[in-house]
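Colleague: One structure coming up, written as structure tokens, with questions to follow.
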Amino acid sequence: MEVTGSVLQLLDDRKILVQIERASACGGNCHSCGSCGGSASQIVAMCPEMVKVGDKVLLETSTNRYFFLSFLVFFVPLFVIVAGYLLLHEFFTETVSSLGAVILGVLAFLAVVLSMRKLKIPKAKKIS
């Protein structure tokens with residue numbers, strides 16, 4: 001998957017902060033569905049080339065990586081909430097089980113986010 005963005009900030013160790021326009025599910029025809037609003041995202045990327053603030057860059061990442069990260073962020077905490085509730089419901093009241101499941105889900109989400117910080121970041125190429 002490739003996306004074009006502009007350099008917002010130069011960070012240390014050849015890392016840059018890039019602003020991109022998020023792709024929409026409706027293929028960029030947002031006025032017809034009105035569900036996405038076409039907002040921008042900021043991404044940290046590695047850039048071996050010399051760039052300056054305002055330069056256009058091309059970010060490259062694999063589509064499999066995108067789906068894997070989406071799975072981790074959304075489905076792992078959801079699975080932990082459901083499994084935690086079912087397990088806790090066997091031993092505690094419904095209120096305690098619900099609260100415990102939510103706490104487990106939040107902890108799972110935090111664990112996923114913290115573990116994602118160690119993943120390889122996308123690479124950027126300067127566009128001439």
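FYI, it's all coordinate maths here, none of it is from the lab. Keep in mind that what you see is a predicted model, and the values were worked out from it rather than measured. Neighbour counts run over all protein chains shown; Cβ positions are idealised from the backbone, glycine included.
Colleague: Between beta-carbons, use under 12 Å as the cut-off and find the net charge around Gly100, counting Lys and Arg +1, Asp and Glu -1.
Modeller: On the way: positive: none; negative: Glu90, Glu94.
Local charge sum for Gly100: -2.
Colleague: I want the local charge near Ala111. Using Cβ-Cβ distances under 14 Å, sum +1 for each Lys or Arg and -1 for each Asp or Glu among the other residues.
Modeller: Values: positive: Arg117, Lys118; negative: none.
Counting the neighbours of Ala111, the net charge comes to +2.
Colleague: Next question, about the same structure. Mind checking which aspartates and glutamates have their Cα closer than 20 Å to the Cα of Lys118? Skip sequence neighbours fewer than 8 apart in that chain.
Modeller: Result set, ordered by chain and number: Asp12, Asp13, Glu60.
Colleague: How much FRET efficiency would the formula 1/(1 + (r/R0)^6) give for Glu49 and Glu21, where r is the Cβ-Cβ distance and R0 is 22 Å, rounded to 0.05? Don't skip to the end; give the middle numbers.
Modeller: Numbers: r = 22 Å, r/R0 = 1.00.
In this case the efficiency is close to 0.50.
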